[in-house]
Amino acid sequence: MSTNPHFQRVALIGFGLIGGSIARAAKLQGLASEIVTTARSEKTRARVIELGIVDKVVATNAEAVKDADLVILCIPVGACGPVAQEIAAHLKPGAIISDVGSVKGAVVKDMAPHLPQGVHFVPAHPVAGTEHSGPDSGFAELFINRWCILTPPDGTDAGAVAHLRAFWAAMGAKVEVMTPDHHDLVLAITSHLPHLIAYTIVGTADELAQVTESEVIKFSAGGFRDFTRIAASDPTMWRDVFLANKEAVLEMLGTFTEDLAKLTRAIRRGDGDALFDHFTRTRAIRRGIVEIGQDSAAADFGRQHGQLEKKP
Ligand SMILES: NC(=O)c1ccc[n+]([C@@H]2O[C@H](COP(=O)([O-])OP(=O)(O)OC[C@H]3O[C@@H](n4cnc5c(N)ncnc54)[C@H](O)[C@@H]3O)[C@@H](O)[C@H]2O)c1
Ligand SMILES: O=C(O)C(=O)C[C@]1(C(=O)O)C=C[C@@H](O)C=C1
């Protein structure tokens, strides 16, 4: 028998891209009787109320988690430890405490010591996002056909894991469980390194523009634009990701630098065969990734669950 994905009261700490998307998707799918969110500034509180998605907007995290059956921290990973400490005394016994952080090892290490006995800690990471942030950036379809990785510590109550899994699945996600360390290694290459490289190349191109007084940015071709979309992402979020996943990112950066050196040598030596072989192999891999991402699961989910459509 499948687990009911519904929660009585869901508290979202932070109403940005991810918190706002969870609120929209959970409302649309009827996954919570009540959704409460924290918005710390008067301006954001006013905007979240105006959006009319959640049932209650409060100013403090302690107030938000009161009587909540599911609490999800939707804040930068560096803030998760301090917020766990802030809310610990106010959590309802039996509640599930989760997060959406892009790094798992550091979040588990920072949060776990603060959480009281009797709550269920099930860290999570929806591997879905955009370069936008803030209360207006979320959308209900964000998680459709995207992975959500759960990293419950050993011994976590199986019922709590199943309940959170059902919640994410009902928002359209494909859910997988793995260890925090494995998660951090995989995401270092598939997500963190691409962001670092995109941030770097935008800075390099801008410096060249200043040095040569040419208009490198102004006349940037499609390739540059496609490649650097993610460099518009939130600086606080990404500062925290690189600080929190330092070891894995440095390891992947080392391997990447070696591979870049091989291509550099091929260019310097005029080794067209080496370049052609490399590009042929990586084109096939890239095309495979696109095909995997374009299967029909999103459409199937939309048909089964109502009006959700994947955004172009
Ligand atoms: N942006 C993405 O593509 C993406 C994808 C998956 C996961 N994540 C993870 O999700 C988390 C949130 O990212 P986002 O993109 O939604 O960011 P966002 O900037 O859109 O929203 C974050 C919100 O958290 C609030 N906040 C920060 N510190 C807080 C605190 N101490 N108490 C209460 N609220 C606080 C901010 O005011 C903001 O409203 C991050 O941990 C990030 O790593 C992001
Ligand atoms: O598409 C984007 O804009 C993203 O950067 C999303 C992305 C990713 O790297 O895939 C970014 C960080 C997350 O933790 C998960 C998803």
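Please enumerate the residues belonging to the stretch 223-264 that are open to solvent by 100 Å² or more (accessible area, probe 1.4 Å) and over 16 Å from Ser191 (Cβ atoms). Break it down into steps so the answer makes sense when it comes.
The first filter runs over the stretch 223-264 and keeps only residues open to solvent by 100 Å² or more (accessible area, probe 1.4 Å), leaving 225-227, 229, 239, 243, 246-247, 250-251, 258, 262.
The answer is Arg225, Asp226, Glu258, Lys262.
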Return the total of residues in the stretch 47-71 being part of a strand (DSSP E or B), more than 23 Å from the chain's Cα centre (by Cα) and not basic (Lys, Arg). 1
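Take the residues in the stretch 103-117 that are hydrophobic (A, V, I, L, M, F, W, C) and more than 16 Å from ligand 2 (Cβ to nearest atom); name whichever of them is least open to solvent (accessible area, probe 1.4 Å). Explain how you work it out, then say what you get.
Applying the first criterion (hydrophobic (A, V, I, L, M, F, W, C)) to the stretch 103-117 yields 103, 106-108, 111-112, 115.
Now narrow it down to the ones that are more than 16 Å from ligand 2 (Cβ to nearest atom): 111-112, 115.
Details: Met111: 0, Ala112: 44, Leu115: 28 Å².
Among those residues, the one meeting the criterion is Met111.
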Does any residue of the stretch 77-84 turn out to be more than 9 Å from ligand 1 (Cβ to nearest atom), assigned by TED's automatic domain parsing to the domain that holds Pro123 and either not in a helix (DSSP H, G or I) or not polar (S, T, N, Q) (or both)? yes
Test for His120: is it in contact with an Asp or Glu (Cβ under 6 Å, 6 or more places away or on another chain), more than 16 Å from ligand 2 (Cβ to nearest atom) and at pLDDT 95 or above: yes
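Would you check if there is a residue in the stretch 296-310 being open to solvent by 100 Å² or more (accessible area, probe 1.4 Å), outside any helix (DSSP H, G or I) and modelled with pLDDT under 95?
Step one: of the stretch 296-310, the residues open to solvent by 100 Å² or more (accessible area, probe 1.4 Å) are 303-304, 307, 309.
Going one step further and asking which of them are outside any helix (DSSP H, G or I), we end up with 307, 309.
Those left that are additionally modelled with pLDDT under 95: 307, 309.
Yes, the stretch 296-310 contains at least one residue that is open to solvent by 100 Å² or more (accessible area, probe 1.4 Å), outside any helix (DSSP H, G or I) and modelled with pLDDT under 95.
Taking the residues in the stretch 43-67 that are free of Cβ contacts under 8 Å to residues at least 60 places away in the same chain and buried (at least 19 other Cβ atoms within 10 Å of the Cβ) as candidates, determine which candidate is farthest from ligand 2 (Cβ to nearest atom).
Going through the stretch 43-67, the residues free of Cβ contacts under 8 Å to residues at least 60 places away in the same chain turn out to be 43, 45-46, 49-50, 52-67.
Okay, now just the ones that are also buried (at least 19 other Cβ atoms within 10 Å of the Cβ), so 53-54, 57, 61, 64-65.
Details: Ile53: 22, Val54: 23, Val57: 25, Asn61: 22, Ala64: 23, Val65: 23 Å.
The qualifying residue farthest from ligand 2 (Cβ to nearest atom) is Val57.
Among what's in the stretch 85-102 and is part of a loop (DSSP other than H, G, I, E, B) and within 16 Å of ligand 2 (Cβ to nearest atom), pick the residue that is surrounded by the most Cβ atoms within 10 Å (Cβ to Cβ).
Going through the qualifying residues, I end up with Gly101.
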Residue list for the stretch 118-131, restricted to those being outside any loop (DSSP other than H, G, I, E, B) and open to solvent by 40 Å² or more (accessible area, probe 1.4 Å): His120
Just checking, does the stretch 132-146 include any residue being on the phi < 0 side of the Ramachandran plot, open to solvent by 10 Å² or more (accessible area, probe 1.4 Å), more than 15 Å from ligand 1 (Cβ to nearest atom) and touching a helix residue (DSSP H, G or I) at 6+ places or on another chain (Cβ under 9 Å)? no
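The values are calculated or read from the model by the stated rules, or taken from the named source; none is laboratory data. Bear in mind the structure is a predicted one, so any value in this text is a computation, not a measurement. FYI the Cβ positions are ideal-geometry reconstructions off the backbone, even for glycines, and counts take in every protein chain you see. Protein only, heavy atoms only, side chains kept; ligands, DNA and RNA dropped before computing areas. Shrake-Rupley method; radii C 1.70, N 1.55, O 1.52, S 1.80 Å.
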